[in-house]
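A short write-up of the structure that comes next.
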Amino acid sequence: MRDIRLQKVFDSALAMGPTVLMRGMRLRRPIDVVKAPSLSIDDKRAILAAWASDFYAVDSKPALRQLPGTPEPVPIDEIQSALIKLDGR
């Protein structure tokens, strides 16, 4: 029973992951994360890396990713471009 509860907590935290950092922000696209002045570089990188992960892949469309709370899926290429811009700063 305890293992089931721990797994539910873990799954919930994983699903929320980067959205915790994004609370109250209107980040629609990966470039919005790069430009967000209230986020640290590490937080921006964490959000973008999570967004790029297979965990947020859209079913039957592996080239698209969607974070909870974002209005629409975005191409993985757009997320990778945002990471490159972030690293270039």
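A count restricted to the stretch 48-86 and to residues that are in contact (Cβ under 8 Å) with a residue 24 or more places away in the chain, part of a helix (DSSP H, G or I) and open to solvent by 70 Å² or more (accessible area, probe 1.4 Å) stands at 3. Of all the residues in the stretch 38-71, those that are among the β-branched types (Val, Ile, Thr) and closer than 16 Å to ARG26 by Cα number 2.
Each residue in the stretch 33-42 was checked for being surrounded by fewer than 16 Cβ atoms within 10 Å (Cβ to Cβ) and assigned to a helix (DSSP H, G or I), and 3 pass.
The values are calculated or read from the model by the stated rules, or taken from the named source; none is laboratory data. All figures in this text were calculated on a predicted structure; none of them were measured in a lab. A quick note on method: Cβ atoms are made from the backbone with ideal geometry, for glycine too, and the neighbour counts reach across all protein chains shown. Heavy atoms of the whole protein, side chains included, go into the accessibility calculation; ligands, DNA and RNA do not. Shrake-Rupley method; radii C 1.70, N 1.55, O 1.52, S 1.80 Å.
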